Amino acid sequence: MKKLVLILILALIGGGISLAQMMGNMPMMRHSMIRHRYVMMNGIPNEYRNLSNPIRANKENIKAGEKLYNTYCALCHGTKGYGDGPTGQTLNPSPSNIASAVCMPMAADSYLFWTIAEGGKNLSTAMPSFKGALSKEDIWKIILYVRSELSACWGERWGMWIFMIVVWILIILGAVAIFRWVTSSKIQSSESALDILKKRYAKGEISEEEFNKMKEEITERRD
Ligand code: HEC
């Protein structure tokens, strides 16, 4: 019986963890796998390596970034950055969920700047190259806006956290219920053992001394 409870609890914990993994990884399906593979194999081109955003994170620059984003990016990546813009739906690969892509360790400033400046030329994707249409400052302002306003990293998605906490409470309640069910059935079985003992004593099959000793054993087991 103990083994069964252990297995059930482990199964519940396993289920909880895999659910958490699933929820955490869902936006991954809308990340640019082709681009990640490219970077893992080749790295970021030299001229874009080690760049970092020189633009100050003030209201004015973020606002400017928002305007540029809505003009140049939202069509494909969606106003919230989820990769669900109206023009992007038919593309293959589809536009990334950049709200969560910017949370990846890989998505440093240099990665984002290179992606926006060069687009998908070498990757044969529909991501346009913006180095002709936008100045460097404009690209940095867009990156600033995406990072400060659109990014939806795991730790920031409080809705997910609340959901996970509810799931865990349910798992714990389930485990407690199983535990109580098992221990109560154990008490029942030791009670019936006591009944049998009483009957045997009444029939004179065992002496009083034996009866007391066995009774003690049974009650000890129950505790
Ligand atoms: C015509 C549609 C289209 C437009 C417009 C567009 N993108 Fe993209 N974008 C894509 C597609 C498709 C991908 C996935 C393939 C790839 O990485 O090249 C992508 C990928 C990206 C990625 C990589 C994300 C990841 O998962 O690593 C970033 C960052 C990005 N886009 C930012 C932008 C920004 C910022 C703009 C506006 C300046 C923009 N995109 C405009 C289609 C578009």
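The values are calculated or read from the model by the stated rules, or taken from the named source; none is laboratory data. Because the structure is predicted, anything quoted here is derived from the model rather than measured. Heads up, the Cβs are rebuilt from the backbone with ideal geometry, glycines too, and the neighbour counts pull from every protein chain shown.
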Open item on the list: Can you go through TYR145, TYR111 and tell me which one is hydroxyl-bearing (Ser, Thr, Tyr), under 19 Å from ARG35 (Cα atoms) and at pLDDT 95 or above?
Closed with: TYR111
Open item on the list: Tally up the residues in segment 64-98 that are over 15 Å from PHE130 (Cβ atoms) and free of Cβ contacts under 8 Å to residues at least 40 places away in the same chain, please.
Closed with: 11
Task: Residue that is assigned to a helix (DSSP H, G or I), in contact (Cβ under 8 Å) with a residue 40 or more places away in the chain and of a type in the set (Val, Ile, Thr), where the choices are ILE162, ILE116, ILE142 - done: ILE142
Open item on the list: Quick check on this structure: which one of ASN42, ASN46, ASN61 is under 18 Å from SER151 (Cβ atoms) and either surrounded by 13 or more Cβ atoms within 10 Å (Cβ to Cβ) or not hydroxyl-bearing (Ser, Thr, Tyr) (or both)?
Closed with: ASN61
- [ ] Tally the residues that are within 13 Å of the ligand (Cβ to nearest atom) and touching a Phe, Trp or Tyr at 6+ places or on another chain (Cβ under 7 Å), restricting the search to segment 54-68.
- [x] 2
- [ ] Filter segment 149-166 down to residues that are exposed (fewer than 15 other Cβ atoms within 10 Å of the Cβ) and at pLDDT 85 or above and give me whichever is farthest from TYR48 (Cα to Cα).
- [x] VAL166
- [ ] Please go through segment 69-86 and pick out each residue that is among the hydroxyl-bearing types (Ser, Thr, Tyr) and within 6 Å of the ligand (Cβ to nearest atom).
- [x] TYR72
Task: Hey, LYS136 loosely packed, with under 15 Cβ neighbours inside 10 Å, more than 16 Å from HIS31 (Cα to Cα) and either aliphatic (A, V, I, L, M) or at pLDDT 95 or above (or both) or not - done: yes
Task: The one condition in (1) among the aliphatic types (A, V, I, L, M); (2) surrounded by 19 or more Cβ atoms within 10 Å (Cβ to Cβ); (3) more than 23 Å from ILE44 (Cα to Cα) that ILE143 fails to fulfil - done: (3)
Open item on the list: Yes or no: segment 102-114 includes at least one residue that is more than 9 Å from the ligand (Cβ to nearest atom) and small (Gly, Ala, Ser).
Closed with: yes
TODO: Have a look at ALA126, ALA108 and point out the one that is over 21 Å from SER151 (Cβ atoms) and without any contact (Cβ under 8 Å) to a residue 60 or more places away in the chain.
DONE: ALA126
